[in-house]
Amino acid sequence: MRAADADREAVAERLRVALDEGRLDLHEYDDRLARTYAAKTYAELDGLLSDLPETIPAQRAQLAPVGDRPAPAPEAGEVRHPGAVRRWLFDTWGPYFGAMTITTAVWGASSLSSGELLYYWPIWVAGPWGAVLLVSTVGGLIKGEPQRWAAKQARKKREKIEKRAGSGVERQGDREDD
């Protein structure tokens, strides 16, 4: 069966917990996280967790976590944004893939016009920028940045709608006075 975004996010959270517990090193976590977001079926997702123990609720755990701080409780009125990870990843990586498409097209056109395969110089754009994006993406996923980003986007959209509604009301009021 095909997996949903919520399933992928649940697996990503289990991987984050395993990283925090020291069951995965950063390289293995990064690899599994990438495979998590690329997974299309439940079988692909299950394979990513098969060597990790099941999570035990804190109230049933026999060991007390050392230096582990509790997850912040959602504040009153806080809204979860489904699909935020996918949208945040697209927003974060979209410009990178756009620039890589353009630079690769320029490289391809120059290779065609010269009649030979030229040195692939776009790698000098892709490599450093991609490395920085990868580190910031992993850090952002660990820190819950997609939800903050989605909340900010929703707030901007709401303010824009309120601004339009406010200016529409003013225009109507001006017309009635005339």
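The values are calculated or read from the model by the stated rules, or taken from the named source; none is laboratory data. Just so it is clear, the structure is predicted and the values come from calculations on it, not from any experiment. As a convention, Cβ positions derive from the backbone with ideal geometry for all residues, glycine included, and neighbour counts pool all protein chains shown.
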query = Taking helices (runs of 4 or more DSSP H) that fall entirely within the range 1-77, which contain at least 2 residues that are polar (S, T, N, Q), surrounded by 15 or more Cβ atoms within 10 Å (Cβ to Cβ) and modelled with pLDDT of 85 or more?
reply = none
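Residue by residue, here is whether (1) on the phi > 0 side of the Ramachandran plot; (2) modelled with pLDDT of 90 or more holds:
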| site | (1), (2) |
| --- | --- |
| Gly115 | yes, yes |
| Ala126 | no, yes |
| Gln147 | no, no |
| Gly173 | no, no |
| Asp177 | no, no |
query = What tally of residues in the range 105-150 results from selecting those that are of a type in the set (Asp, Glu), in a helix (DSSP H, G or I) and more than 15 Å from Asp91 (Cα to Cα)?
reply = 0
ask   = Are there any pairs with C-beta distances below 7 angstrom linking a residue in the range 124-144 that is in the same structural domain as Ala99 (by TED's automatic domain parsing) to a residue that is β-branched (Val, Ile, Thr), with the two at least 6 apart or on different chains, and if so which?
value = Val125/Thr103; Leu133/Thr92; Thr137/Thr92
